[in-house]
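The values are calculated or read from the model by the stated rules, or taken from the named source; none is laboratory data. Quick caveat: nothing in here was measured; it's all calculated off a predicted structure. Counting neighbours? That spans all protein chains shown, and the Cβs are built from the backbone with ideal geometry, glycine included. Keep in mind that these areas ignore ligands, DNA and RNA; they rest on the heavy atoms of the full protein, side chains included. Shrake-Rupley method; radii C 1.70, N 1.55, O 1.52, S 1.80 Å.
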Amino acid sequence: MFSDNQIFAAPLAGITDRPFRCMVRKFSPNAPLVTEMISCHSLVGAHKNCLRNFDDYADEGNVGAQIFGANVELMADAARILQDAGAKWIDINMGCPVPKVATRAGAGAHLMQDHALAGKIMSAVVGAVQIPVSIKTRLGWDDAHRDWRDLINIAADCGVSFAALHGRTRAQLYVGPAQLPDVTGCPIPIIANGDIKTSADVQNAENLGYSGAMVGRGLLGKPWALAEIMGQNAPQDVGRVVLEHLDYTLEYYGEQAAIPMFRKHAAWYSAGMPNSSEFRIKVNQIVDADVLKVAIRDFWGMI
């Protein structure tokens, strides 16, 4: 069984922001966490409307910062900025399947189709920083192009330290079960990603030659998921966890932006509980932080 520093929290757009990472870190002090993907254009341009461009990772422990883009020079510049901000390693997104990234921007999963460009980006990023560089990719563009091993071999030649492999093609998006291939013999360590939710899933990944496992959607409403995989019990006072997460979110974004942003988290935390549908409907109408806190305390029996 892997140790706690081999169970990763995956980068999840709109979810693994600094407030959420703070919550995961409380339950998993040693786990490697990955940021939301950060646009190299936005980061290098210091766009003020994107708070994650200005995160300081010095107090976050083992955190990797994920960047995406198709411009070689900007990707290298972005990596330097994140290294200076305290990231422990740089992750290059080579798997995001959404059209905004993978087709219109020529980044993310598009790099699985353009290995020449992928190699230039990896070499430039590796050469720009003194910290490790990883990539996160998929099995291939579609069933006819499951060429992930080719990209892994290029990554190794470019000096990439390790890779996370999502067990779906770009064409699959997030539909259907993930299928992890055997990675024995790969030139760099591979981290398993896709439908990793239990210790049994992690053991299966280890049996297939993986060097670690990465939890993605299993974290939704469960920032303790990594700790649970390692044998710890889920918290009994979930309501207090929700309130703490809300406080972090309010502090980071401010009330006006934080309340609508937190609604999805409230829904995930409450999933499967009695009267959760009514709770979600109620939360979606709340625009005041104090009112939201009362609703949370009431739902989890804290009043």
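Does the range 194-227 hold any residues that are under 18 Å from Ser28 (Cα atoms), in contact (Cβ under 8 Å) with a residue 60 or more places away in the chain and not aliphatic (A, V, I, L, M), and which are they? Passing the criteria: Ser199, Gly212, Gly216, Arg217, Pro223, Trp224.
Mind checking whether some residue in the range 210-217 is farther than 22 Å from Phe20 by Cα and either open to solvent by less than 70 Å² (accessible area, probe 1.4 Å) or in contact with a Gly (Cβ under 9 Å, 6 or more places away or on another chain) (or both)? For the range 210-217, residues farther than 22 Å from Phe20 by Cα and either open to solvent by less than 70 Å² (accessible area, probe 1.4 Å) or in contact with a Gly (Cβ under 9 Å, 6 or more places away or on another chain) (or both): present. If the condition is being more than 18 Å from Trp141 (Cα to Cα), assigned to a loop (DSSP other than H, G, I, E, B) and of a type in the set (Val, Ile, Thr), then the range 171-193 contributes Val183, Thr184, Ile188. Identify all residues within the range 281-303 that are open to solvent by less than 80 Å² (accessible area, probe 1.4 Å) and either at pLDDT below 95 or not hydrophobic (A, V, I, L, M, F, W, C) (or both); write none if there are none. Across the range 281-303, the qualifying residues are Asp288, Lys293, Gly301, Met302. His166 passes every criterion in (1) under 16 Å from Pro11 (Cβ atoms); (2) touching a Phe, Trp or Tyr at 6+ places or on another chain (Cβ under 7 Å); (3) not charged (D, E, K, R) apart from (2). Exactly one residue out of Asp114, Asp84 is over 15 Å from the mean Cα position of the chain (by Cα) and either farther than 20 Å from Ile152 by Cβ or crowded, with 23+ Cβ neighbours inside 10 Å (or both), and it is Asp84.
Of the residues making up the range 117-133, not one is open to solvent by 40 Å² or more (accessible area, probe 1.4 Å), of a type in the set (Gly, Ala, Ser) and in contact with a strand residue (DSSP E or B) (Cβ under 9 Å, 6 or more places away or on another chain). The set of residues in the range 55-81 that are open to solvent by 20 Å² or more (accessible area, probe 1.4 Å), touching a residue at least 40 places away in the same chain (Cβ under 8 Å) and part of a loop (DSSP other than H, G, I, E, B) comprises Asn62, Ala70.
Condition check ((1) within 27 Å of Tyr57 (Cβ to Cβ); (2) open to solvent by 40 Å² or more (accessible area, probe 1.4 Å); (3) assigned to a loop (DSSP other than H, G, I, E, B)) across all residues:
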position	(1), (2), (3)
Cys96	yes, no, yes
Gly106	no, no, yes
Ile135	yes, no, no
Gly140	no, no, yes
Ile152	yes, no, no
Ala155	yes, no, no
Ala163	yes, no, no
Thr169	no, no, yes
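Screening the range 171-209 for residues that are among the hydroxyl-bearing types (Ser, Thr, Tyr) and within 18 Å of the chain's Cα centre (by Cα) and picking the one that is most open to solvent (accessible area, probe 1.4 Å) gives Tyr174. Restricting the range 28-54 to residues that are more than 16 Å from Glu73 (Cα to Cα) and touching a His at 6+ places or on another chain (Cβ under 9 Å), the residue that is surrounded by the most Cβ atoms within 10 Å (Cβ to Cβ) is Asn53. Against the condition under 15 Å from Phe68 (Cα atoms), small (Gly, Ala, Ser) and touching a Leu at 6+ places or on another chain (Cβ under 9 Å), how does Ala118 come out, does it pass? Yes: the conditions hold for Ala118. Taking the criterion of being open to solvent by 10 Å² or more (accessible area, probe 1.4 Å), within 8 Å of the chain's Cα centre (by Cα) and within 16 Å of Asn62 (Cβ to Cβ), the only residue of the range 1-27 that qualifies is Pro11. Just a yes or no: is a residue in the range 38-45 hydroxyl-bearing (Ser, Thr, Tyr), part of a strand (DSSP E or B) and within 20 Å of Ile92 (Cα to Cα)? Taking every residue of the range 38-45 in turn, at least one turns out to be hydroxyl-bearing (Ser, Thr, Tyr), part of a strand (DSSP E or B) and within 20 Å of Ile92 (Cα to Cα). If you go through the range 245-303 and keep only what is touching a Ser or Thr at 6+ places or on another chain (Cβ under 9 Å) and of a type in the set (D, E, K, R), you end up with just Arg280.
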